[in-house]
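**Student:** The structure follows.
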Amino acid sequence: MEKSKLIVSTKSTNSGKKASIIIVYAIMVLIFCIVLFAGDMKKVSYMMLGDSSYAWLLYVIIIGGAIYPLINILLSFSRFNSYCDVYEKSVSGKTGMSFSNTKAPVQDFELSYNEILNVTASGKSIIIYTQYTNYEVSAFENQTEVVNAIRARMTGNK
């Protein structure tokens, strides 16, 4: 498909956001690991819960607290790699991991305007609706401009 001239894009480096996410989640993992490996969990559980037999519960909570930030780091980087480019004759991009549809695969796409039925902005995402599937891309920059540019050119619902 012919790409022609680029009109607007959601691509950005987001290096500051990536660094802040890594730092915050790394600190969270570090705190949970220190709590997990430092100290006697039976004494801690006795102080918190009044019974030392609940130490396993604290282990589960702490391990879950350490895994949660790691999962978020992976999901966040997937979202940062997502983008949408609007050209004069087509729209192309890459979807990110969707929080609303977790079974949706990360995929590259290229669409002509007659394939697009609708486009909406939702939070920091843009959802492009076609007859066959929906494409959800992250839009940390130029979200409104991309949606307006696609709407001005789409012919799929006319």
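Residues checked against (1) in contact with a Leu (Cβ under 7 Å, 6 or more places away or on another chain); (2) at pLDDT below 75:
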{"site": "V29", "(1), (2)": "yes, no"}
{"site": "L36", "(1), (2)": "no, yes"}
{"site": "Y46", "(1), (2)": "no, yes"}
{"site": "D51", "(1), (2)": "no, yes"}
{"site": "V60", "(1), (2)": "no, no"}
{"site": "G65", "(1), (2)": "no, no"}
{"site": "I71", "(1), (2)": "no, no"}
{"site": "R79", "(1), (2)": "no, yes"}
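**Student:** In the stretch 4-23, which residues are in a helix (DSSP H, G or I) and at pLDDT 80 or above? Can you show your working first?
**Tutor:** Within the stretch 4-23, the first condition is being in a helix (DSSP H, G or I), and the residues that meet it are 15-23.
Listed by number, the list holds a single entry, I23.
**Student:** How many residues are surrounded by fewer than 16 Cβ atoms within 10 Å (Cβ to Cβ) and either touching a strand residue (DSSP E or B) at 6+ places or on another chain (Cβ under 7 Å) or not hydroxyl-bearing (S, T, Y) (or both) when one looks only at the stretch 131-143?
**Tutor:** At the first step, the residues of the stretch 131-143 found to be surrounded by fewer than 16 Cβ atoms within 10 Å (Cβ to Cβ) are 131-133.
Checking the rest, the ones that are also either touching a strand residue (DSSP E or B) at 6+ places or on another chain (Cβ under 7 Å) or not hydroxyl-bearing (S, T, Y) (or both) come to 131.
Residues meeting the conditions: 1.
**Student:** A further question on this structure: For the stretch 110-155, name all the residues that are farther than 15 Å from D85 by Cβ and of a type in the set (V, I, T).
**Tutor:** The answer is T120, I127, T130, T133, T144, T155.
The values are calculated or read from the model by the stated rules, or taken from the named source; none is laboratory data. Note that the structure is a prediction, hence the values are computed from the model and not measured. Cβ: placed from backbone, ideal geometry, glycine included. Neighbour counts: every protein chain shown.
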